[in-house]
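Colleague: Structure in structure tokens, see below.
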Ligand SMILES: [Zn+2]
Ligand SMILES: [Zn+2]
């Protein structure tokens with residue numbers, strides 16, 4: 001039922017949502033039905049995240065801080081791909097309720113909102129990939145909107161719990177999702193305290209509280225955001241398509257490296273339930289390797305494989321592509337040969353016809369018929385052997 005919509009644009013409402021993301025005077029489905037538009041006040045924490053990187057001007061750098069940022073990038077990228085995506089969004093493996101809570105805490109450090117918000121929007125993407133309802137299709141909304149714009153839009157802020165009932169039944173997950181600022185603040189504070197401690201306990205490292213905050217939190221988290229966002233923007237534009245899916249998802253080796261295996265996006269769009277996105281050993285998928293290791297500890301279990309039928313489909317597609325490439329290339333080769341040979345042959349023919357010798361030959365053809373006698377000299381032959389003086 002449609003009712004007149006009043007967008008929640010009040011300053012107060014947006015400020016409260018910094019803390020309580022579920023605060024709203026309208027239900028999610030109503031906000032979801034609104035047109036896209038940037039909610040600048042709501043986005044201020046996101047702007048601060050990027051602006052915080054400039055803190056490096058004052059804190060400087062140290063190898064310890066830089067390597068902390070790099071390590072936290074990959075540790076948290078694993079949380080994005082292995083937990084937000086392959087657990088909460090697609091349930092490609094199982095864990096205990098307590099294990100699930102720990103996983104949700106871990107994803108909280110990525111500062112990509114709550115696990116339920118993430119899963120809701122990602123499932124929505126799979127349902128509407130590259131159609132007008134898709135919140136971040138580069139084909140529908142353009143590259144920059146797919147990369148970063150959609151996350152600032154007021155219609156994409158709420159979590160519709162009615163669409164993720166399998167997750168919303170756990171109050172601890174709903175609480176972490178609702179107050180999604182808690183874990184990032186604790187994480188940033190911990191980094192600052194660690195840096196402050198090391199400044200006095202291990203001065204040889206050359207770090208400080210401010211430096212670890214800037215490198216470990218602001219810079220690492222900002223790069224992490226853009227690495228994650230590249231899946232929404234680039235993987236529907238760059239790379240190859242193994243499967244003929246209804247969207248424009250693609251497989252990219254480079255993006256697989258940046259995102260620990262999420263670059264095999266066309267594979268994933270074809271079969272979402274598998275724990276692995278790289279379907280073959282040469283399709284590097286560090287997230288899958290990490291999850292496999294984790295399964296040996298008993299913390300997670302029930303990793304889902306790629307079904308035989310999907311591999312058969314992939315083999316058929318590969319064969320079809322090879323045949324098409326071979327056919328095209330052989331035809332193309334012949335076309336290219338003809339393109340080279342035909343004009344050259346035509347030019348030679350024209351040049352030959354126009355030479356004086358050729359003209360004379362044509363003229364002779366108009367005279368008496370030439371009779372070829374294999375036992376004697378050829379009539380009309382102008383060689384000295386056939387001259388009258390030689391016969392005498
Ligand atoms: Zn996609
Ligand atoms: Zn997915």
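What follows draws every value from the coordinates through simple rules; no lab data is involved. The structure displayed is predicted, hence computed values, not measured ones. Note that each Cβ is placed from the backbone with ideal geometry, even for glycine, and that neighbours are counted across all protein chains shown.
Colleague: If the range 267-328 were replaced by its equivalent ellipsoid, with semi-axes equal to the square roots of 5 times the Cα gyration tensor eigenvalues, what would those be, largest first, whole Å? Walk me through the numbers before you get to the answer.
Modeller: Values: eigenvalues 182, 27, 12 Å².
Taking √(5λ) for each Cα gyration eigenvalue gives 30, 12, 8 Å.
Colleague: Still on this structure, I have one more. So what's the gap between the Cα centers of the range 106-134 and the range 194-230, to the nearest angstrom?
Modeller: Between the Cα centre of the range 106-134 and that of the range 194-230, the gap is 27 Å.
Colleague: If you don't mind, another one. In a Debye calculation with equal point scatterers on the alpha-carbon sites of the range 71-116 and no solvent, what is log10 I(q)/I(0) at q = 0.17, 0.22, 0.25, 0.28 Å⁻¹?
Modeller: Per q value, in the given order, log10 I(q)/I(0) is -0.40, -0.68, -0.86, -1.05.
Colleague: Stokes-Einstein diffusion coefficient for the range 177-331 at 37 °C in a medium of 0.692 mPa s, Rh from the Kirkwood formula over Cα pairs: what value in µm²/s?
Modeller: Values: Rh = 18.8 Å.
Calculated translational D: 175 µm²/s.
Colleague: Please list log₁₀ I(q)/I(0) at q = 0.09, 0.12, 0.13 Å⁻¹ for the range 33-189, using the Debye equation with identical point scatterers on the alpha-carbon positions.
Modeller: Per q value, in the given order, log10 I(q)/I(0) is -0.33, -0.59, -0.69.
Colleague: So, R0 is 41 Å and r is the distance between the beta-carbons of residue 165 and residue 190; what FRET efficiency does that work out to, to 0.05?
Modeller: Details: r = 34 Å, r/R0 = 0.82.
After rounding to 0.05, the efficiency reads 0.75.
Colleague: For residue 140 and residue 254, compute 0.36 nm times the residue count separating them, minus their Cα-Cα distance, and round to one decimal in nm.
Modeller: Full extension from residue 140 to residue 254 adds 38.6 nm.
Colleague: Label points 7 Å out from Cα along the Cβ direction at residue 131 and residue 97: separation in nm?
Modeller: 3.7
Colleague: Say each of residue 75 and residue 36 gets a label point 7 Å from the Cα, pointing the same way as Cα to Cβ; how far apart are those two points in nm?
Modeller: 3.5
Colleague: When you have a sec, figure out the Kirkwood radius of the range 247-351 from all distinct Cα pair distances and drop it here in Å to one decimal? Mind dumping the intermediate values first?
Modeller: Details: mean 1/r = 0.0582 Å⁻¹.
Averaging 1/r across every pair of different Cα atoms and inverting gives 17.2 Å.
Colleague: What list do you get for 265, 50 if you sort them by fewest beta carbons within 10 Å? Intermediate results must be reported in sequence, preceding the final value.
Modeller: Numbers: 265 27, 50 15.
So the residues, fewest neighbours to most, are 50, 265.
Colleague: Oh, and also: On full extension of the chain, what length is gained from residue 319 through residue 341, given 0.36 nm per residue of separation minus the C-alpha to C-alpha distance? Could the numbers behind the result be given before it?
Modeller: Details: separation 22, 0.36 × 22 = 7.92 nm, distance 3.28 nm.
Taking 0.36 nm per residue and subtracting the Cα distance, the gain is 4.6 nm.
Colleague: Going by the alpha-carbon gyration tensor, a ≥ b ≥ c the square roots of its eigenvalues, is the range 122-244 rounded (a/c under 1.5) or, if a/c is not under 1.5, prolate (a/b greater than b/c) versus oblate? Show your work: numbers first, answer last.
Modeller: On the way: a/c = 2.99, a/b = 1.66, b/c = 1.80.
Judged from the Cα gyration tensor, the range 122-244 comes out oblate (a/c at least 1.5, b/c at or above a/b).
Colleague: In addition: Figure the gain on full extension for residue 172 and residue 57 (residue separation times 0.36 nm, minus the Cα-Cα span) and round it to one decimal in nm. Working shown, then result.
Modeller: Details: separation 115, 0.36 × 115 = 41.40 nm, distance 3.93 nm.
So the chain would gain 37.5 nm between residue 172 and residue 57.
Colleague: Expressed as a fraction of 2.2 N^0.38 Å, the rule-of-thumb size for a compact globular protein of N residues, what is the C-alpha radius of gyration of the range 25-122?
Modeller: Compared with the compact-globule rule of thumb, the range 25-122 sits at 1.36.
Colleague: Additional query: If I model the range 11-306 as equal point scatterers sitting on the Cα atoms and use the Debye formula, what is log10 I(q)/I(0) at q = 0.08, 0.16 Å⁻¹?
Modeller: -0.35, -1.40
Colleague: Arranged by the count of other C-beta atoms within 10 angstrom, fewest first, what order do 75, 151, 350 take?
Modeller: Working: 75 14, 151 20, 350 9.
Taking fewest neighbouring Cβ atoms as first place, the list is 350, 75, 151.
Colleague: Send over the Kirkwood Rh of the range 45-100, from the inverse of the averaged 1/r over different Cα pairs, rounded to one decimal Å. Walk me through the intermediate numbers first.
Modeller: Details: mean 1/r = 0.0721 Å⁻¹.
The answer is 13.9 Å.
Colleague: May I pose another question? Let me have the relative contact order for the range 11-306, percent, based on Cα pairs under 8 Å that are six or more residues apart. It would help to have the intermediate numbers written out before the result.
Modeller: Details: 473 pairs, mean separation 69.9, N = 296.
Taking the mean separation of contacting Cα pairs over the length of the range 11-306, I get 24 percent.
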